[in-house]
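Engineer: Here it is: the structure, laid out below.
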Amino acid sequence: MDYSPRMSRIKESATFKYSALAKKPGVIDLTIGRTNFDTPRAIKDAAKKALDEGKVNYTPTKGIPELREKIAEKLRDANNIQSLDKENVLVSAGAKQLIFEAVLALVGEGDTVALPDPSWVSYESIVEFAGGKTAWLPTHPERGFIPEETFLSALENSKPKLVLLNTPNNPTGAVYPPKVIKQVVDICERKDAWLLSDEIYEEIIYEGEHFSAGSIYDKCITVNGYSKNCSMTGWRLGYAASKNREVIEKMNAIQEQSVSCATSFVQYAGIAAYTKEARKETTAMREELRKRRDHLSRRLSELDAVYVKPAGAFYVFPSFGDTDELKLADKLINAGVATIPGSPFGSKGKGCLRLSYGAASIEQIDEAIERMKKSIP
């Protein structure tokens, strides 16, 4: 078949591949990029109410004004991103769609995008699909994958059109300190580069603090959503915001010719994510995830691995040294434990496995470690 050359730039998603393998009977699934908590009741009730009221038609492509204003208010109050109103906000069918739109709007053929190494698997594929090339910014497992001098030096020596940050980070769980983010912003300012700040795990932080680059840099696009903090992965609802309104309009132009708008009644449900009732459930979820993280981190000490207890998200990313982690992940599947091998996330993921505790009980974590102890030399 004669397909477009751009299709050769699209790679199979390692996360979806290994998540599919995890469906084998008896396998403990540590691959899932979601929690096993239900969506907060207030959000579900708001969706039902919107359906009953007939809110089932197209909305403005940028999203309903009520939700966009609520998002702008949240970003002003919680993230200190001032000078925003609803026209600086774009709502879409998930944060991934918005990252796709931002990259397509900014990156041309041959443009460089700087990515932390390791990074979520879709970033590089989206950049390559847009015709861009990746400059990798190294981090290291023994330092908890927090950017340091080698990262900043690589960024300084690159010529990026766009820099992409993700904190808390997938796959490492690292929470970047404000000092580091300010150093990255300083380099972006001097190079007149755009910065995309993926903050989808913002509310799943156990230690440290979240700092939004958009609070100090006007050429920043802040991307977030409801998939992780409200356990709404299947609802497909996310948002992007920037003080630079023009880039939001460019992204919206792509949206007009693709998804048109986010699902109408889901947008009305999104407003309820900011209620006290929903916030209470989000807080309870985070505290349960903290218990799982602490337990998994303790049990990992029984394996021959290098790791730092992650400060956010719901992943641990231990390094097993020179091990071929692709073969190790396959071996563990046969032993009844599904993980994600690290190299698809970047070269610094070689020898690492991503373990998700988002949907694993304490009992499942214990059994997974026992099985891993028998399979890892």
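The values are calculated or read from the model by the stated rules, or taken from the named source; none is laboratory data. Only a predicted model underlies this, so the values are computations on that prediction, with no experimental measurement involved. Cβ sites come from the backbone with ideal geometry, for glycine too, and all protein chains shown count toward neighbours.
Engineer: Quick one: is Ala284 outside any loop (DSSP other than H, G, I, E, B), assigned by TED's automatic domain parsing to the domain that holds Gly342 and on the phi < 0 side of the Ramachandran plot?
Structural biologist: Criteria met by Ala284.
Engineer: May I pose another question? Among the numbered criteria (1) of a type in the set (Gly, Ala, Ser); (2) in a loop (DSSP other than H, G, I, E, B); (3) closer than 26 Å to Val121 by Cβ, which one does Ala329 miss?
Structural biologist: Ala329 satisfies every listed condition except (2).
Engineer: Modelled with pLDDT of 95 or more, among the polar types (S, T, N, Q) and either touching an Asp or Glu at 6+ places or on another chain (Cβ under 8 Å) or closer than 18 Å to Val175 by Cβ (or both): is that true of Thr339 in this structure?
Structural biologist: no
Engineer: If you take the residues in region 115-147 that are touching a residue at least 24 places away in the same chain (Cβ under 8 Å) and charged (D, E, K, R), which one is nearest to Val185 (Cα to Cα)?
Structural biologist: Among them, the one singled out is Asp117.
Engineer: Are any of the residues in region 3-18 in contact with an Asp or Glu (Cβ under 7 Å, 6 or more places away or on another chain) and of a type in the set (A, V, I, L, M, F, W, C)?
Structural biologist: no
Engineer: Which one is surrounded by the fewest Cβ atoms within 10 Å (Cβ to Cβ), of the residues in region 167-183 that are part of a helix (DSSP H, G or I) and out of contact with any Leu (no Cβ under 9 Å at 6 or more places or on another chain)?
Structural biologist: Ranking the candidates gives Lys179 first.
Engineer: Taking region 3-32 as the search range and keeping residues that are under 17 Å from Ile333 (Cα atoms) and part of a helix (DSSP H, G or I), which one is nearest to the chain's Cα centre (by Cα)?
Structural biologist: Looking at residues that are under 17 Å from Ile333 (Cα atoms) and part of a helix (DSSP H, G or I), I get Thr15.
Engineer: Ok, one more. What residue, among those in region 17-53 that are surrounded by 13 or more Cβ atoms within 10 Å (Cβ to Cβ) and modelled with pLDDT under 85, is nearest to Gly342 (Cα to Cα)?
Structural biologist: Result: Tyr18.
Engineer: Moving on. Please determine whether any residue of region 184-198 is more than 30 Å from Glu281 (Cβ to Cβ) and assigned to a strand (DSSP E or B).
Structural biologist: Yes, region 184-198 contains a residue that is more than 30 Å from Glu281 (Cβ to Cβ) and assigned to a strand (DSSP E or B).
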